[in-house]
Amino acid sequence: IVLSVIIPTLNESAEIDKFIANLLDQRVNSPWELIIADGGSTDSTAAIIKKWRNDSKVPISMSLSRMGRAVQMNSGAQMAQGENLLFLHCDSRFADVLLIQKAIDHMLQARTFSGTYKIAGHYSLKFMRESLGYSLLYYYFETKTQKNYPETINGDQGFYISKSFFNEIGGFDEKLDYLEDTRLAKQIAVKGRWLFLPGLIYTSARRFESEGFLKRQLLNTLLRVFNE
């Protein structure tokens, strides 16, 4: 298997069906798999996954662990059969059906050219919004994802990394309850390098819209400050 796509879930019945439907539209030339890394969902998440597992030509597995995105994603990575790992969030969407294949080709070319496997890839982001407020601020954060500095890279953008490199740097830090993605992004930058993957991921703005854009961004800023 060339690629294992890993998704952390916790009571994601409202999103998981739409996510898997969108993901399985991808046209991938090589064998790949989907792993749902669940942290103990008590809703219908598991039942929805079982339905897709029975109907899908792409292998779908489910890893179970204690709650916590770092723990869950590490659990999914341990189960993965793929040479490469792509960590995504459940509210991610792809508009381009060739996006994953382009990522596979792009990373293979980059590793071949540079002669090292210590390369990780990420996408740029586009927010899916229901309200029109704060357009300039959304644009600002979308633009930040087009930078290649570790402090601008987070899990919403997807992390594409070889399993060997992921294991070498120790995976996600399970001591962290949050910002495990930014910690890993910094480790990758220290021991290897980041590059952009072709295309972009659409991600839900639901956290900003439900909690309030400014309140959510203030919380994100404080979390980053206290995590330094």
Count of region 179-193 residues which are closer than 28 Å to Asn22 by Cβ and touching a helix residue (DSSP H, G or I) at 6+ places or on another chain (Cβ under 6 Å): 4
Close pairs from region 139-165: first farther than 21 Å from Gln101 by Cα, partner of a type in the set (D, E, K, R) and open to solvent by 40 Å² or more (accessible area, probe 1.4 Å), Cβ under 7 Å, at least 6 apart: Glu142/Lys126; Pro150/Lys186; Thr152/Lys144
Residues located in region 145-190, provided they are aromatic (Phe, Trp, Tyr) and assigned to a loop (DSSP other than H, G, I, E, B): Tyr149, Phe172, Tyr178
Of all residues making up region 10-25, the number that are closer than 12 Å to Ser92 by Cβ and not acidic (Asp, Glu): 6
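Go over the candidates Leu179, Leu219, Leu184, Leu223 one by one and state the one that is at pLDDT 95 or above and open to solvent by less than 80 Å² (accessible area, probe 1.4 Å). Explain how you work it out, then say what you get.
Numbers: Leu179 fails: at pLDDT 95 or above; Leu219 fails: at pLDDT 95 or above; Leu223 fails: at pLDDT 95 or above.
So the residue among Leu179, Leu219, Leu184, Leu223 that is at pLDDT 95 or above and open to solvent by less than 80 Å² (accessible area, probe 1.4 Å) is Leu184.
The values are calculated or read from the model by the stated rules, or taken from the named source; none is laboratory data. What you see is a predicted model, and the numbers here were worked out from it, not measured in a lab. Every residue, glycine as well, gets a Cβ built from its backbone with ideal geometry; the counts of neighbours run over all protein chains shown. Remember, those area values only see protein heavy atoms, side chains included, never the ligands or the DNA or RNA. Shrake-Rupley method; radii C 1.70, N 1.55, O 1.52, S 1.80 Å.
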